[in-house]
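Here is the structure we will look at.
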Amino acid sequence: MTRRLRLLCYIGSLDPGGAERQVVTLLKHIDRAAFEPILLLAHRQGALLADVPADVPVWCATPERAAWPGMSRWARIRQFARILAEQRIDVVYDRTYLATLDAAVACWLRPTPRVSAAVADPAVQFRMYAKRPRWLWRRFSRWAYRSATRVLANSEGLRQQMLDGWQLSAEQVLTQPNAYDFAEMERLSTQAETRTDSRTVLLTVGRIDADKGHADLLRALAAIVQQPDRPEILWRIVGTGPALPELRQLVDALKLTEHVVFAGVVANPYAEYQRADLFCLPSQTEGLPNVLIEALACGTPVLSTDCPSGPREILAGGEYGRLVPVRDVAALTRAIQDFLHDPAAWREQAARGQVSVRARYAVATVIPRLEQILRDAVG
């Protein structure tokens, strides 16, 4: 009998987010006859901890107390390396930029094959997280990805960004889309409460930062509600992030408090998709936006910016939803007005998109390919 491979999955935490949900999906669906999964977190926290399968051990890489002040990262990496040795790990799967930096050093200390999953534009990630001196951080980041056995990009556009951003070889970087359990998604979406508000509901889900374009969508909403016919419209903003205070101030400045609801982080976003009339993604950059796939999978019409990676692939160039230029408030305004004028046509597009994403991104389609990549990494 072939020994099962001991797979360690590493990510920062299990606070609700797209990358975190993808790790949980992998842990739930990876073949137990071939793999023995273990979860390692930089910080043992997050609502999604409750969704980790019972047979998956959960470890924390960060000691309760670091040996020296300011040495928490090094202590975490040393703990990571010890776990690799003690648990006899065969292959590591890390997801997100910061997780890759930790895993690269740990797998150098205790040599272990590693598959690193990238989920966002490397230029944006570097701008958000790089320490000083930045030239040294850039070299460290490039080494971290180059030292991986394989680098996985969740869209073809992101694959090209990884090749260009970190000067990786074409053979090393593979396109591996995200996986979704659509049966579970459908079950959760039915938990939506009955709507009592008759207004048209726009929805965004995700981190609130400058790159996500919330301010552009807010200005489009302002242009719409200031029209003479004043359509009855409400925007639900699900998520939190560093740009939240500024966004709240802009809502007040534009006198839109009666049209905007800040819902915060929600445990079940699928119920939100089910209640919404139109899902909006005004981002300036993406990898493969989970939220766009999830909205379509729930049959919700979608409006997205045509940002460098992800939406065009998901929407087949606009066949399954509307694409508008990045940072174009007027185009966002016209698209929302078009939806208000003819929602039936948008729902027909969404119905076709629902069939498409459920075929392309189902766990039964995506997970077996990832399993083979992990086996090949062990070699």
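The values are calculated or read from the model by the stated rules, or taken from the named source; none is laboratory data. Just so you know, these numbers come straight off a predicted model, no measurement behind them. Cβ: placed from backbone, ideal geometry, glycine included. Neighbour counts: every protein chain shown.
When you look at residue 184, is it over 25 Å from residue 303 (Cβ atoms), acidic (Asp, Glu) and surrounded by 11 or more Cβ atoms within 10 Å (Cβ to Cβ), yes or no? It is true that residue 184 is over 25 Å from residue 303 (Cβ atoms), acidic (Asp, Glu) and surrounded by 11 or more Cβ atoms within 10 Å (Cβ to Cβ). Residues in the range 211-233 that are free of Cβ contacts under 8 Å to residues at least 60 places away in the same chain and surrounded by 14 or more Cβ atoms within 10 Å (Cβ to Cβ): 215, 218, 222, 225.
The single residue among 136, 168, 158 that is assigned by TED's automatic domain parsing to the domain that holds residue 372, under 21 Å from the mean Cα position of the chain (by Cα) and of a type outside the set (D, E, K, R) turns out to be 158. Looking at this structure, is residue 200 touching a residue at least 60 places away in the same chain (Cβ under 8 Å) and over 20 Å from the mean Cα position of the chain (by Cα)? Yes; evaluated as a whole, the condition is true for this residue. Here the helices (runs of 4 or more DSSP H) wholly within the range 324-379 that include at least 3 residues being among the aliphatic types (A, V, I, L, M), in contact (Cβ under 8 Å) with a residue 24 or more places away in the chain and not assigned by TED's automatic domain parsing to the domain that holds residue 282 are 363-378. Among the residues of the range 329-355, the one identified as under 23 Å from the mean Cα position of the chain (by Cα), surrounded by 18 or more Cβ atoms within 10 Å (Cβ to Cβ) and farther than 11 Å from residue 301 by Cβ is 332.
Please tell me if residue 113 is over 19 Å from the mean Cα position of the chain (by Cα), in contact (Cβ under 8 Å) with a residue 60 or more places away in the chain and farther than 14 Å from residue 40 by Cβ.
Working: over 19 Å from the mean Cα position of the chain (by Cα): yes; in contact (Cβ under 8 Å) with a residue 60 or more places away in the chain: yes; farther than 14 Å from residue 40 by Cβ: yes.
Yes: the conditions hold for residue 113.
Before we move on, is residue 89 assigned by TED's automatic domain parsing to the domain that holds residue 24, over 20 Å from residue 117 (Cα atoms) and crowded, with 17+ Cβ neighbours inside 10 Å? Talk me through it step by step, then tell me what you get.
Numbers: assigned by TED's automatic domain parsing to the domain that holds residue 24: yes; over 20 Å from residue 117 (Cα atoms): no; crowded, with 17+ Cβ neighbours inside 10 Å: yes.
The answer is no for residue 89.
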